[in-house]
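J.: Below is the structure I would like to discuss, written out as structure tokens.
Please treat every number below as a calculation from the coordinates, not as lab data. Computed from a predicted model, the values in this text were never measured in an experiment. Cβ: placed from backbone, ideal geometry, glycine included. Neighbour counts: every protein chain shown.
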There are 2 protein chains.
Amino acid sequence: MAQHGEELAMASEAAIEQHQVAGLSLLLQIVMLGFAFVLGHVLRRHKFYYLHEASASLLIGIIVGGIANVSNKEMSFKRWFNFNEEFFFLFLLPPIIFQSGFNLYAKPFFSNFGAICVFAIVGTFVASMVTGILVFLGGLFFLMYKLSFLESLLFGSLISATDPVTVLAIFQELGTDMNLYALVFGESVLNDAMAIALYKTLMKFWHDPSANYSFTVAVSSFLQTFVGSMGTGVVVALCCALLFKYAGLSVNSLHNLECCLFVLFPYFSFMLAEGLGLSGIIAILFCGILMKHYAFQNLSEPAQAFTRGFFQLISSLAETFLFIYMGLDIATESHTWSHVGFIFFSIVFILAARAANVFPCAYLINLIRPVARKIPLKHQKALWFSGLRGAMAFGLALQSKRDLPTKSNGETIFTTTTAIVVVTVLFIGGSTSTMLEKLEVVGDDYAALNVEVSCLSLFRLEERASFMRRLETTIIWSFIARQARDI
Amino acid sequence: MAQHGEELAMASEAAIEQHQVAGLSLLLQIVMLGFAFVLGHVLRRHKFYYLHEASASLLIGIIVGGIANVSNKEMSFKRWFNFNEEFFFLFLLPPIIFQSGFNLYAKPFFSNFGAICVFAIVGTFVASMVTGILVFLGGLFFLMYKLSFLESLLFGSLISATDPVTVLAIFQELGTDMNLYALVFGESVLNDAMAIALYKTLMKFWHDPSANYSFTVAVSSFLQTFVGSMGTGVVVALCCALLFKYAGLSVNSLHNLECCLFVLFPYFSFMLAEGLGLSGIIAILFCGILMKHYAFQNLSEPAQAFTRGFFQLISSLAETFLFIYMGLDIATESHTWSHVGFIFFSIVFILAARAANVFPCAYLINLIRPVARKIPLKHQKALWFSGLRGAMAFGLALQSKRDLPTKSNGETIFTTTTAIVVVTVLFIGGSTSTMLEKLEVVGDDYAALNVEVSCLSLFRLEERASFMRRLETTIIWSFIARQARDI
């Protein structure tokens, strides 16, 4: 009995200690999150463009991971930082992708829609094929770690998903040509969808090696994923728009209900697509684009302000957390020299592949466009330069680590992708302002944009003030009436 | 090779199917969540007080669980609804508890502070001891399933945590005496903290049976948990208040940073307390009370509006989800007749225990209070009646299921608690409006409260309008100046 009691006490002590370690590590993560926000703000305030918020988060992660590496507790720390994939795919990635769709500027995006589609669809396909083939050839000639042909193509497709965050933040702060801004933003948003669809199509071949590798099968499978997921997102967004137009929820007393329902819709589209066996990420992306344009206008004004802030808050929390995590991961992962070679050559290859995407596509587009609207060479160079890799590439690499049966190959792909994300965010992100100034694309439309914004806010203020004046009158009258009745 | 391919295909198909089932079940949960919100709104709009939002969520859960029970897929459904505890303790419970502290009305709460403390601390202690001893005696005399003495006390302490949601929502809509409102709200908020501290103290005895059961050890252990956790929450909230007072974050351009940091603080207090081996829930509760009174005023006005909405949105999502889950659980759990007996007698015992809490404590308070401020008998009856059980009792029962080594005893406690939550929410929640009318405590201060609120909003509006007028002038001038410079 006494022995049983002792055993029990020991087991429960271990459980309590484990619980405490979990609490401490989550505490550390929150502190890092808060610190990253403050640091990012300080850097922005002092106009220090060489280290952006994302880069700062990455560095914080790397430093804390390095300290954890040196200390003895590394194992227990690492176990808790190694967060589970479900959390990443269900709670971190969807808000980030939704927000990128929700934030799209409507007018310049749609006036460059053709060009963006060429870059995002044809260009991304070309880039991922070029990367895949180069990586395969590199492995064949003993230049780097050898992957099979299908694995190389998988890697090529997942590494072709670019991330807009850092470059666009600097674009916004320095001011740049609206068309260039729309091209970079639109391309990096849509090519995520393309990369996922390519990845899923290749994965199907992997899982079903008995199928014949015919071109038509691949195309139909690709279209099924892409169009199906896009359709899901579009349908959900339109339902949302109809609901908020006709349900009369924009009354003041229903503010809470309105916000709750609006916030649930994107997640609904994500889950619906996943439940149908399609890509939830593509669905939530298009849902975001359409909800902004059709449903958002039907909300009441306080609900608009609230939901805009809500989506931004959630996505920036998720994104900062993600960059911190990537930093931690790169610092605590065990690395071998074969990885270093693979990483080096991969970076060279993706730079070449991005060139093979941007310049030929721009040439094609310029053939069709009138002289006044041709894409100038400096914009093409800026577009080539802004190919950072971020959350999406990381997410797909995480998935490939789970999907691929050969463990070491999956790990090589994952480690390489993480390293590429870190390198591109730190170096490309850090040199963007220099690059923009070198290419002389800074400040073109800055003054115009600025005036436009202040006009807009002026209009909003006037509208709001008049609304409040009316409200005020109503309330004063009802107040006086009640007082009079009471007397 | 072909066989290997087939195996691979089968395994991956199973994985894909599992993934799809997970997606579908999450989809179903989102649909239920949205449906519960809409149903709750419709019920409130038609002033149907017999079925509140919480009850509606419970019923939706029970119905869907019942359908899943009948259909063949029950097993796979059940597996996915059986959500993990980490999710509950880390993401569902903290926002609910924080919001209950954050929402406390300051003035009536502090003017009744003494009475609330007597009910919450002395009263809850008495109630949990009475329940525990009655349950133990019931088991001893073969009236119900037999629990050990310590288990009975554990059950008594966890079932003493009452939930304010439903009753208070109806109080708010019908209008009632402010003092009664403050008593019910304050008591149900603070007794959560008391129940947790009692539970943790008893758990320590359980884990360390070699310790001698001296009274002083118990008291010091209890004080350690209670005061330590409270102190953590208070210190974090005061740090937050100081930061927002002196960091100058209430500038317009820092809106996002301000909100992000403010939202992280409650969670920080929760994690800090957990990391220190204390109770995160008690910490986040007091953090909420103090953040509302000291830190909230230091935010800029748009940030105030946003964070208020944010906390409300998150907590109502968590709460609705929780009630749906409890409904699902009660419908899909396997029940035996021994449970039914235990549930029936437990309900009788907790009613008796609550009477042993409310009436003697009120007698003591009335001995001290002046004649004008004595608690009238009808308020005592209303207080006795409002003892619903909710999220906190459910959470502690979930934890006891994990903590107790005898599996069947833990399951009995868990099932009984879930059933008590369902019964009290459905029946007490449904009959609250009738009860309030019978006791003639409806509408006392309603008119006064109403006028006060409109005065308040009038003041706010005037203030806001004048601020906007000033802003307007500034913007117009800077606009004109820029135009002039451009010309």
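J.: What average number of partner chain Cβ atoms lie no more than 10 Å from the Cβ of the residues making up A:26-39? It would help to have the intermediate numbers written out before the result.
T.: Values: counts 8, 10, 2, 1, 8, 4, 0, 5, 5, 0, 1, 6, 6, 0.
Mean partner shielding for this stretch: 4.
J.: Under a crude label model (7 Å from the Cα following the beta-carbon direction), how far is residue B:172 from residue B:355 in nanometres?
T.: 3.2
J.: List the distances, in nm to one decimal, from the label point of residue A:368 to the label points of the same position in every other copy, shortest first, placing each label point 7 Å from Cα along the Cα-to-Cβ direction.
T.: Going from nearest to farthest copy, the values are 8.1 nm.
J.: About the Cα centre of segment A:380-445, what is the dipole size in debye to 20, counting +1 per Lys and Arg Cβ and -1 per Asp and Glu Cβ, all else neutral? Mind showing how you got there, number by number?
T.: Working: 6 positive and 6 negative charges, 88 e Å.
Roughly 420 debye, rounded to the nearest 20.
J.: Taking amide H atoms as placed 1.01 Å from N in the peptide plane, list the residues 5 or more away in sequence, or in a different chain, whose amide H sits under 5 Å from that of residue A:176.
T.: The answer is A:443, A:445.
J.: Which of the lysines could a cross-linker span from residue B:378 if the Cα-Cα distance has to be under 28 Å and same-chain partners fewer than 8 positions apart are dropped?
T.: Of all the lysines, those that pass the test against residue B:378 - Cα under 28 Å, at least 8 places apart if same chain - are B:47, B:107, B:438.
J.: Tabulate in residue order the Karplus-calculated ³J(HN,Hα) for segment B:316-326, using 6.51 cos²θ - 1.76 cosθ + 1.60 with θ = phi - 60°, rounded to whole Hz; enter x for Gly and Pro.
T.: Whole-Hz 3J(HN,Hα) from phi for segment B:316-326: 6, 4, 4, 5, 4, 4, 5, 5, 4, 4, 5.
J.: Going 7 Å from the Cα of residue A:384 toward and past its Cβ, which residues in segment A:340-378 have a backbone nitrogen under 12 Å from where you end up?
T.: Only A:351-363, A:377-378 fall inside the zone, counting backbone N under 12 Å.
J.: Tell me the distances, shortest first, between residue B:143 and the same position across the other copies, using label points 7 Å along Cα→Cβ, in nm to one decimal.
T.: Distances to the matching label points in the other copies: 8.3 nm.
J.: What is the calculated FRET efficiency for residue A:440 to residue A:91, with r their C-beta to C-beta distance and R₀ = 25 Å, to the nearest 0.05? Show your work: numbers first, answer last.
T.: On the way: r = 42 Å, r/R0 = 1.68.
Result of the calculation: an efficiency of 0.05.
J.: To continue, here is another question. Between the label point of residue A:352 and that of the same position in each other copy, find the distances and list them shortest first in nm, with every label point placed 7 Å from Cα along the Cα-to-C-beta direction.
T.: Nearest first, the other copies' label points are 8.5 nm away.
J.: Taking amide H atoms as placed 1.01 Å from N in the peptide plane, list the residues 5 or more away in sequence, or in a different chain, whose amide H sits under 5 Å from that of residue A:162.
T.: A:192
J.: Determine which lysines satisfy two conditions relative to residue B:204: a Cα distance under 21 Å, and not lying fewer than 8 residues away in the same chain.
T.: Hits, sequence-local ones excluded: B:401, B:407.
J.: Okay, moving on. So what does the Cα-only Debye profile of segment B:85-444 read at q = 0.08, 0.10, 0.12, 0.14 Å⁻¹, as log10 I(q)/I(0), no solvent term?
T.: Evaluating at q = 0.08, 0.10, 0.12, 0.14 Å⁻¹ gives log10 I(q)/I(0) of -0.39, -0.62, -0.90, -1.21.
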